[in-house]
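Structure record follows, encoded as structure tokens.
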Amino acid sequence: MASQLYTRAFNISPIENRRLCINGTPWIWHLLEECVENAWEYWSVVIGLISIVCFLFAALPQIYTACQNGRVDQALSLGFLLCWIAGDLTNFVGCYLTNQLPIQMVTAIFYVNMDIIMISQFVYYKLKNQKMIKCNKSLKNFCIAWIVVCIALGVILPCQLLLRNQEQSTVIERSNNSLDMIEMSGFICGYISCVFYLGSRFPQLYKNFRRRSTEGTSYLLFALAMVGNCTYGLSLVLKMPATKSIRALYFLHHLPWLIGSFGVLFLDIFVTVQFLLYRQHKERQAGVVALEVEPLLVNEEAA
């Protein structure tokens, strides 16, 4: 009985059920290798897939905006991007080591891919704009290091997924009463990713406040991130077991990822407020300029 509670709370299916999911939804089983047997679990997966779609397309509006003005390095904070990818990398490691839901693993990989696109674009325009003045040697070194990291990620991530599938049959043999060192390391990575996620918004909030503007930044980046974080957290909540004896265990198992998703959602509300305030400020400034120019045009016509 203890083994069943453990496997249920920690998302581990018995080996025979992993080979054949009799009562589960077929398309989810074949796509994610997750046995979904009730409506709550079904909607948890569907909402989780919506979260993936939101994060997958979140970068596209910002990429388009950057291509239009070519000043992404002036609009986005480097600290924001670095904290974001650091959070996504530790999130992936934490999900892998603690055997999180398959939907979380897939989402973590999409997170990293989006970060690679965003930071690659940031470095490209930073180098391009820097060449107009003076080429910075440290920036070149950073670019080379980033290319090496991207290549390493392209090799490591698929290998980690293959190893995870091979080792899945041995997970159930872990201790049912205590966490081993691998799981403990995973939870530490989960909480570290939570800190990075929460800390990523503060550099961008400060940059917007210092510029008194959000020009060059696409609000859809943060809007889709808000929807993605909301649906991501909701998918975890819907997956919560009905049995009270293991509900607390499930909650503690997913606590870092719940804090990360809903915490960033809360901070993105402040980013939204900045977009509204600075847009109104820009419109008022444009109105004042129009009022100053209009009398001059009238005087010229009278003359």
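The values are calculated or read from the model by the stated rules, or taken from the named source; none is laboratory data. Since we're looking at a predicted model, the values are computed, not measured. Glycine gets a Cβ as well: all are built from the backbone with ideal geometry, and neighbour counts include every protein chain shown. All accessible areas refer to the heavy atoms of the entire protein, side chains included, with ligands and DNA or RNA removed. Shrake-Rupley method; radii C 1.70, N 1.55, O 1.52, S 1.80 Å.
A few comments on the model shown:
- Packing-based ranking, highest mean first, of 68-80, 265-277 given that Cβ atoms within 10 Å are counted: 68-80, 265-277
- Of the solvent-accessible surface of the stretch 185-251, computed with a 1.4 Å probe and all protein chains present, 72% belongs to carbon and sulfur.
- Shape category assigned to the stretch 197-263 from the gyration tensor of Cα positions, a/c cut at 1.5: prolate
- Straightening the chain between residue 127 and residue 42 buys 26.0 nm, computed as 0.36 nm per residue apart minus the Cα-Cα spacing.
- With a Förster radius of 51 Å applied to the C-beta separation of residue 212 and residue 23, the computed FRET efficiency comes to 0.30.
- All other residues whose Cβ lies under 14 angstrom from that of residue 189 are scored, Lys and Arg at +1 and Asp and Glu at -1, for a net of -2.
- Label-point gap, in nm, between residue 56 and residue 242 - each point 7 angstrom along Cα→Cβ: 3.2
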